[in-house]
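Data first, discussion second: the structure below is written as structure tokens.
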Amino acid sequence: MTDLKKEMESNIKYKYSLKSIFAQSLALAGPCFIQIGIGIELTCSTIIIGALANDKNKNGLQPLTDEQASWFGSLLFLFTPLGSALSSLTLNRFGHKTCMIITNIPFIVSQIMFFYANSIETLYACSMLMGLSVGYSGGPSSSYIGEVCEPKLRGALMSATNVFYYVGSLLFTLIYAITLEWRLTVLIGMSIPIATVVVLFMTPQSPMWLLTKGESLKAQRTLGKLRGWPSQETCSSKEFKEMIAYTSSVVYDEDDNETDQNGETSSWGQLLRPEVYRPFRLLVVYIFFANLLSGIQYGPYLVSVFTEFGAPVNVEFTLAFSVFLSTIGGIITIFLISKLGKRFLTFSTLSICSICYILIGLIGVYTTNSNPTTSWLILILFLTTTFMSSLGIMPIAWVLLTEIFPMKSRNITCSAGSAIGYLIAFFLIKYYLELSNLVNFYNTFTLFGISGLFGTVYFYFYLPETENKTLQEISEFFK
């Protein structure tokens, strides 16, 4: 009864108008643009590797060997943790807004270098710069979203923000499908980070970060803007007081070391506490299975993957259509996550993706005589996994990142969680071609699908329901 009462109280705790939803949505415009940019950055290798494999689209560069393609496709993910580490070192000092602006600098430089690239070494350097950009953006944008949103809106708004990642990928693939010129596609895409910087200059700081800096009046005014200018009494007597209580145990000194009120534990020392390492362990496992069953290992090689399936389709537009399905799945998640919860969406989408992968593997291995019907069936199953992963496991992974860690360690754990997620992606992409050559292309699907079923069992026992819970309630669960 006590837990039920607390949950009911949390649902009715903050009563703001529709202006609040609009104000919070407007504040997330900057993170949304960042997600569009990330979608472009993570799609660059797919477009360029596919284009260079086509004799008509070399533009001065030779087709990449398997070794070169694996490095070019994965270097971004290898350098992302470095960006995350830099982010964790600067976030406390500069705040979310400034760090989100900084992340666009290496992005813009990489796109300029892409346009003039005439060697594989330049492509490698561009991939490294994009990795720094993606990694640096993870901590500031994720923790910002978790801190500025109401509990009842956090999941939906975070899911809505994730949709813009797919929007970025969709725009980039459509531009290439229309122009068939990868250099021109990159040049057009460079407008996104420029627009992002402009939007971020108008984005408010996080009230929680302002509180940790002792700027309580500015924090209260900012919270008022984020809640649609409710009455001062409403804003200060409820949510703002809880924010003060939530952040009161965190003190930032001049060296950006984070200690509790007793001066006992640094922010890195917090990682040894159960309320931090338990959700961190859960997040790492979740991101692994989300990456594996969303097909991130196939990402840079999708042009050759679709060609291998053998369906009579235009590969460039099929690539764009797969991203379109991801976009639709992400949009649907916004409306389903509050109704069905994260546990149900995780179980259902992970199970469906696993079964589809197993079917692709079995059909591909045991159907020796390829025919259009079989090829279409395999393609449809793969596109089904693309849709279902974007409907559940992929966006939920990033929603969990913003909400399962306590305030004392959130900046570091968000950055570290993002870094580990991208490191996992690096190893999956870098060694996918070797695994495919070792066990056969279609057997990789069977292997990944069986692994996904084990993941479903794990989450049944260890994944809590965090939807419509306050950050404090979620932290208490892991203690």
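At-a-glance table
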item	result
Cα-based equivalent ellipsoid of the stretch 119-230: semi-axis lengths in Å, sorted from largest, via gyration tensor	35, 17, 13
The stretch 16-150 - accessible surface per residue (Å², probe 1.4 Å)	34 Å²
The stretch 401-452: projected area of the alpha-carbon convex hull, averaged over directions, in nm²	4.4 nm²
Solvent-accessible surface (1.4 angstrom probe) belonging to Glu147, in square angstrom, nearest 10	0 Å²
Computed label-point distance, nm, for sites Glu465 and Lys339 using a 7 Å Cα→Cβ extension	1.6 nm
Debye intensity ratio I(q)/I(0), log10, the stretch 97-159, q values 0.19 Å⁻¹ (C-alpha model)	-0.72
Entries in Lys225/Lys342; Lys19/Lys339; Lys97/Lys408; Lys152/Lys225 that, when Cα-Cα distance is taken, lie over 27 Å	Lys225/Lys342
By accessible area with a 1.4 Å probe, ligands and nucleic acids excluded, highest first: order of Phe324, Phe309	Phe324, Phe309
Highest to lowest packing among 199-210, 333-344, scored as the average C-beta count within 10 Å	199-210, 333-344
Rounded percent of accessible protein surface that carbon and sulfur make up, the stretch 85-226, 1.4 Å probe	73 percent
Linear extension gain, Arg273 paired with Ala53, 0.36 nm per residue minus alpha-carbon span	74.2 nm
Peptide ranges 131-139, 76-84, 300-308 listed from the most packed, as the mean C-beta count within 10 angstrom indicates	131-139, 76-84, 300-308
Per-residue ³J(HN,Hα) for the stretch 130-137, Karplus 6.51 cos²θ - 1.76 cosθ + 1.60, θ = phi - 60°, Hz, x for Gly and Pro	5, x, 4, 5, 4, x, 5, 7
Accessible solvent surface per residue of the stretch 282-406, calculated while the other protein chains remain in place, 1.4 angstrom probe, Å²	35 Å²
Neighbour net charge for Ile296 - beta-carbon separation under 15 angstrom, K R +1, D E -1	0
Two-decimal ratio, the stretch 301-405, of alpha-carbon radius of gyration to 2.2 N^0.38 Å	1.20
Fraction of accessible area attributable to carbon and sulfur, the stretch 310-459 (%, probe 1.4 Å)	74 percent
Approximate spin-label separation Glu215-Thr98, in nm, with each point projected 7 Å along Cα-to-Cβ	0.9 nm
Cα-projected label distance for Thr65 with Ile332, points at 7 Å along beta-carbon direction, nm	4.4 nm
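The values are calculated or read from the model by the stated rules, or taken from the named source; none is laboratory data. Bear in mind the structure is a predicted one, so any value in this text is a computation, not a measurement. Using ideal geometry, Cβ is built from the backbone for each residue, glycine included, and neighbour counts are taken over all protein chains shown. Ligands, DNA and RNA are excluded from the accessible area calculation, which covers all protein heavy atoms including side chains. Shrake-Rupley method; radii C 1.70, N 1.55, O 1.52, S 1.80 Å.
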